[in-house]
Amino acid sequence: MKLSIFGLGYVGAVSGACLADLGHQVTGVDLNPEKVARINAGEAPIYEALIGELTERVVSQGRFSATADQNAAVRDTELSIISVGTPTAADGSPMMDAVEAVTRMIGETVRESGKAHTVVVRSTVTPGYCAGTLAPVLEAAAGRRIGDGLHLVFNPEFLREGSSVRDFREPPFTILGSMTDEGADIAARLYDGIDAPLIRTDPGVAESIKILSNAFHALKISFANEAGRLLKSSGIDATEAMRIFVQDTVLNASGAYLRPGFAFGGSCLPKDIRAILSMASASRTDLPVLSAVMGSNRAHIDTVLGMIMARIAEGKPRKAALFGLSFKPGTDDLRESPYVALAEKLIGKGFDLSIIDPWVKTSRLLGKNKAFIEQEIPHFEALLNRDLETTLAQNDILIIGHASAEHLALIGEHAAGKTVVDLANIAALRERGDIDYEGVCW
Ligand SMILES: NC(=O)C1=CN([C@@H]2O[C@H](COP(=O)(O)OP(=O)(O)OC[C@H]3O[C@@H](n4cnc5c(N)ncnc54)[C@H](O)[C@@H]3O)[C@@H](O)[C@H]2O)C=CC1
Ligand SMILES: O=C(O)[C@H]1O[C@H](OP(=O)(O)OP(=O)(O)OC[C@H]2O[C@@H](n3ccc(=O)[nH]c3=O)[C@H](O)[C@@H]2O)[C@H](O)[C@@H](O)[C@@H]1O
């Protein structure tokens, strides 16, 4: 199938390369010329496992290219995927401007061409949005009704950053929330070759499944972390309790997101919780549990800050090394990273902080990711990835968010006599008797 993808961020760049790999002819479009140039040079605009080599291969095979010419991309293809960003607006609701602008442009282009076209929305939207808001926009711009050679499908994406190519290839399910049967038939052809249950439903149900999944992930993490804080206060090993707890797959749906650890973050879970809360507020629906999730997450970061400040109260200098800055290992995405939040709090308390994260290379940061870290910690480049040996030698407080196996080995060599605040449950550190060790939930 010849298809276009609008928005070459995590979702668009990964979907574009993976769909090209499935045999489709893919044209990517982005407003950011650097992302377009990178794709055409065979380079992925994001940094994580597998995507670099996959992009290089499908671009060199001529199956994936990028352009800034939006109209040509629509004219030359039969289906357009929308995967532009939907960041949080000031009132907590997701900003739909980019989704709407792209939809309008697609509609106007198909009005001129007179050809059939299918629009597949992959960006996360609030329940009811496609049928209630986007369909009228598309129909008005195209000058035709949906069903008249024009289709609108909401097709949620479930990939996780850091494992996005694998997640694209092995999704839990493929959901097509289509306004027409023919639209679902056309969109289903995208995923020929993907071995996952294919579920057809209406757009509102599909939109709900996506946003509820993310809310449930955040809720589970908060639950596991609160369990961790509670059990630690009673001297009980939360890791062991939850290790056994998740073995119940009869009454508990899955063990994912239920291991106590550090706070959650990233560009999706916090954003989608805010989207749900703004929707609830607009409809005057009281959601006491979901309203508390972000507060619980912040309390978790403050608990770790408290552990570190307790050492300062004991006389240690305000100087620490933080391992891990991206929101999780295996990616350089810093957006709403809880490690950035922790770093910012420590800097605010006057710490001389060194940050080590081999995944984050300042020269590679782009777009919203770059803007986020520049706003949160303007001088981050000066703190990041100083010489590792020197950092380990000069810091008495080591905070382990995430670190490579190689770095963990070096940390182990330098840890004797130091304070280690472990957010990642590193057994090799936890089991040692010669360090001032404190785990976040154990
Ligand atoms: N990052 C993730 O793991 C996942 C994200 N999602 C959802 O997918 C959507 C996209 O997320 P990301 O890829 O992370 O966003 P992103 O912020 O990494 O990328 C969005 C891209 O859209 C581009 N863009 C904005 N307006 C445009 C326009 N008018 N025309 C063409 N390009 C335009 C931006 O320049 C940017 O490159 C969001 O709704 C997000 O909630 C869904 C599942 C997973
Ligand atoms: O809609 C989205 O954008 C995506 O959001 C999340 O994906 P992502 O944010 O990339 O990564 P996750 O692995 O879900 O991690 C999110 C946060 O939760 C934390 N986490 C994850 C797993 C866990 O067991 N515990 C935990 O604290 C991570 O460290 C991270 O801060 C969802 O999990 C994806 O299914 C979804 O497609």
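Name the one entry in ALA275, ALA282, ALA321 that is touching a strand residue (DSSP E or B) at 6+ places or on another chain (Cβ under 6 Å) and away from ligand 2 (no atom under 16 Å from the Cβ). One residue alone meets the criteria, ALA321. Does VAL84 fit the bill of being closer than 20 Å to ASP185 by Cβ and not in a helix (DSSP H, G or I)? For VAL84, the condition - closer than 20 Å to ASP185 by Cβ and not in a helix (DSSP H, G or I) - is not met. Residues being within 16 Å of ligand 1 (Cβ to nearest atom) and surrounded by 15 or more Cβ atoms within 10 Å (Cβ to Cβ) are represented in segment 348-359 by at least one member. The residues in segment 35-54 that are near ligand 1 (Cβ under 10 Å from one of its atoms) and either in contact with a helix residue (DSSP H, G or I) (Cβ under 8 Å, 6 or more places away or on another chain) or within 18 Å of VAL121 (Cα to Cα) (or both) can be counted, and the count is 3.
Looking at segment 318-337 only, could you name the residues that are open to solvent by less than 30 Å² (accessible area, probe 1.4 Å) and away from ligand 1 (no atom under 16 Å from the Cβ)? Of everything in segment 318-337, those that are open to solvent by less than 30 Å² (accessible area, probe 1.4 Å) and away from ligand 1 (no atom under 16 Å from the Cβ) turn out to be ALA320, ALA321, LEU322, PHE323, GLY324, LEU325. Scanning segment 58-81 for residues that are within 18 Å of ALA116 (Cβ to Cβ), among the hydrophobic types (A, V, I, L, M, F, W, C) and surrounded by fewer than 16 Cβ atoms within 10 Å (Cβ to Cβ) turns up just one, ALA72. Considering only residues of segment 187-207 that are assigned to a helix (DSSP H, G or I) and either among the basic types (Lys, Arg) or open to solvent by 30 Å² or more (accessible area, probe 1.4 Å) (or both), which is nearest to ligand 1 (Cβ to nearest atom)? Ranking the candidates gives VAL205 first. Residue under question is VAL119, and the condition is that it be open to solvent by less than 20 Å² (accessible area, probe 1.4 Å) and within 11 Å of ligand 1 (Cβ to nearest atom); does it hold? When the stated conditions are applied, VAL119 does not pass them. Note on segment 23-57: residues that are buried (at least 23 other Cβ atoms within 10 Å of the Cβ) and part of a helix (DSSP H, G or I) total 3.
Of all the criteria given as (1) closer than 30 Å to ARG386 by Cα; (2) open to solvent by 60 Å² or more (accessible area, probe 1.4 Å), the one not satisfied by ARG274 is (1). Output yes when any residue across segment 251-259 is surrounded by fewer than 12 Cβ atoms within 10 Å (Cβ to Cβ) and modelled with pLDDT of 95 or more, and no when none is. Looking through segment 251-259, none of the residues is surrounded by fewer than 12 Cβ atoms within 10 Å (Cβ to Cβ) and modelled with pLDDT of 95 or more.
Of the residues that make up segment 97-105, is at least one within 16 Å of ligand 2 (Cβ to nearest atom) and at pLDDT 95 or above? Yes, segment 97-105 contains a residue that is within 16 Å of ligand 2 (Cβ to nearest atom) and at pLDDT 95 or above. In this entry, ALA20 passes the filter for residues that are more than 16 Å from ligand 1 (Cβ to nearest atom), buried (at least 24 other Cβ atoms within 10 Å of the Cβ) and not β-branched (Val, Ile, Thr). Of the residues screened, ASN385 is one that is open to solvent by 50 Å² or more (accessible area, probe 1.4 Å), of a type in the set (S, T, N, Q) and touching a residue at least 12 places away in the same chain (Cβ under 8 Å). Looking across segment 7-17 at every residue that is under 14 Å from SER65 (Cβ atoms) and not aliphatic (A, V, I, L, M), the one that is nearest to ligand 1 (Cβ to nearest atom) is identified as GLY12. Please go through segment 88-102 and pick out each residue that is out of contact with any Ser or Thr (no Cβ under 9 Å at 6 or more places or on another chain) and surrounded by 15 or more Cβ atoms within 10 Å (Cβ to Cβ). The answer is ALA101, and nothing else. Looking across segment 133-157, the residues that are touching a strand residue (DSSP E or B) at 6+ places or on another chain (Cβ under 8 Å), part of a loop (DSSP other than H, G, I, E, B) and crowded, with 18+ Cβ neighbours inside 10 Å come down to ARG144, ILE146, ASN155, PRO156.
Beta carbons closer than 9 Å, at least 6 apart along the sequence or on distinct chains, pair a first residue in segment 87-99 that is in a loop (DSSP other than H, G, I, E, B) with a second that is aromatic (Phe, Trp, Tyr) and more than 8 Å from ligand 1 (Cβ to nearest atom) for MET96/TYR129. Of the set (1) in a helix (DSSP H, G or I); (2) crowded, with 20+ Cβ neighbours inside 10 Å, all apply to GLY177 but (1).
Suppose the filter is open to solvent by 10 Å² or more (accessible area, probe 1.4 Å), among the hydroxyl-bearing types (Ser, Thr, Tyr) and either under 26 Å from LEU31 (Cβ atoms) or within 16 Å of ligand 2 (Cβ to nearest atom) (or both); does THR390 pass it? Against the criterion (open to solvent by 10 Å² or more (accessible area, probe 1.4 Å), among the hydroxyl-bearing types (Ser, Thr, Tyr) and either under 26 Å from LEU31 (Cβ atoms) or within 16 Å of ligand 2 (Cβ to nearest atom) (or both)), THR390 does not qualify.
The values are calculated or read from the model by the stated rules, or taken from the named source; none is laboratory data. All values derive from a computational prediction rather than experimental measurement. In this analysis, Cβ positions are derived from the backbone assuming ideal geometry, glycine residues included, and neighbour counts consider all displayed protein chains. Just so you know, the surface numbers come from the protein's heavy atoms only, side chains and all, with ligands and any DNA or RNA stripped out. Shrake-Rupley method; radii C 1.70, N 1.55, O 1.52, S 1.80 Å.
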